[in-house]
Structure formats: C-alpha cells, structure tokens
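A.B. asks: Following this message is one structure expressed as structure tokens.
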Amino acid sequence: MDVMQNDSLAAELAKGHGYKRSLAGDKLKDDDFFGSVNQTVNQAVNDADHNFRDALRDFIEAVPIEVWFILLLAFLAFIFYRLYLRGILGWGFTSTKVEVGEDDNIYEIDFDKDNQEAMAKGDYAALVRLVYLGTLRSLDQAQRIVWRIYKTPSQYDEEMAKPAFHQMTREFVKVRYGKYPADKALYEQMLSWQQQVLEGGHS
C-alpha cells in the first residue's frame, strides 16, 4: 500500500514538473515572438526615417538655388513688413506704441460738436484726432476691430492690417503724441484715408 502511494505521488510530482516546463517553454516562445515583433517595428521605423531623410535631401538638391534665394527674400520681406506695421522700424515715422488717454474714449466724444468747434478755430490737430477716433468708432460698431480704452493705436493697426489705416495711425500718433504740426492738407488726407478704410464697412 505504501509503495502504491509512493508511485502515485511520484506520478503527480512528475506531472507537475512537466506542466511547469511546458509553461516555461511557452513563455520563452512568447518572449521570442514579442522580441521579433519589436525588432521588426524598430527596423521599419529606422527605414522610414532613412527614406524620409533621403527624400528630403533629394528634394533640396533638386530645387535650384535661385528659387531658395527668392523664397528667402520673400520671407525677409514679410518679416520687415510685419515690423513696419508694428511701428518697430524707425524709418522716418513715429512709433505707434503709445498709451491712449481717457479723453480719447470714442464713446464719450461729441464728434459733431467738437468738429464744429475745431473747424471754427482752424485747429487741424484736433480735426486729425477726431477723424482718427471717429474711424475707430465706426470700425468698432461694424465689428471690424474690438475697441478698448486701454488698447494702443498699434494694436488697432495690427487688427486692420490695411495700408490706409496704417497711414492714418502713423499721422494720428505724430500729431496727437509727437506734437507734429497739422494743416488742412493733412486733415483732407486723413478724410481720404478714412473713406478707404471704411469701404465695405458700416459707419
């Protein structure tokens, strides 16, 4: 009886060891499979990266140097134009980066009354100011800009990005904050720019 029990126990132990060996073998197979997949993916990524670099190099070499030169000039021209609009470049005009005073609140100005008074006095500096601020109010009412009392002329200039408005902004800043003299010719020019700016908008 003891011998039979020992044989049965040995058989069970042998079966258990065989199961463990089977599990270990399966794990090794899984490790080999995932390792192979990982190696294949890495190789594919490396090949794609290599192919992209080759294609990019071939493209660059295929484009004539004249074309790259033209693209560079166009990029530099765009940068200078943006700097010009921001008033950063000081080529013969006053920077538009100034603070707006409380008395330039476009919704607290009686434009009709102030225009009449300035016209009667021949105060063209005041008239230039009123034309510009009146343009801001028309643009704000037409939802072409977002007016705020704390915003500077350069910010409105960037919002509009229109040559006529840039000219208006430049002259307004020169007269209003730079104390440049204003005359009838400038006033009439401001009215002309105003008309160009408001084309297609609501006054």
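The values are calculated or read from the model by the stated rules, or taken from the named source; none is laboratory data. Keep in mind the model is a prediction, meaning the values are calculated, not measured. All Cβ positions, even for glycine, are placed from backbone atoms using ideal geometry, and neighbour counts span all protein chains on display. Calculation scope for accessible area: heavy atoms of the full protein, side chains included, ligands and nucleic acids excluded. Shrake-Rupley method; radii C 1.70, N 1.55, O 1.52, S 1.80 Å.
A.B. asks: Among the residues of the stretch 161-185, which ones are in contact (Cβ under 8 Å) with a residue 24 or more places away in the chain and within 24 Å of the chain's Cα centre (by Cα)?
C.D. replies: Quick first cut of the stretch 161-185, residues in contact (Cβ under 8 Å) with a residue 24 or more places away in the chain only: 161-162, 164-178, 180-184.
Scanning the stretch 161-185 gives ALA161, LYS162, ALA164, PHE165, HIS166, GLN167, THR169, ARG170.
A.B. asks: Quick check on this structure: which one of GLU158, GLU117, GLU188, GLU108 is touching a residue at least 24 places away in the same chain (Cβ under 8 Å) and not hydroxyl-bearing (Ser, Thr, Tyr)?
C.D. replies: Details: GLU117 fails: touching a residue at least 24 places away in the same chain (Cβ under 8 Å); GLU188 fails: touching a residue at least 24 places away in the same chain (Cβ under 8 Å); GLU108 fails: touching a residue at least 24 places away in the same chain (Cβ under 8 Å).
It is GLU158.
A.B. asks: Another question about this same structure. Having 3 or more residues that are open to solvent by less than 20 Å² (accessible area, probe 1.4 Å) is the bar; report the helices (runs of 4 or more DSSP H) wholly within the stretch 109-203 that clear it. First the steps, then the outcome.
C.D. replies: Numbers: elements: 111-121, 124-141, 153-160, 163-176, 184-198.
Correct list: 124-141, 153-160, 163-176.
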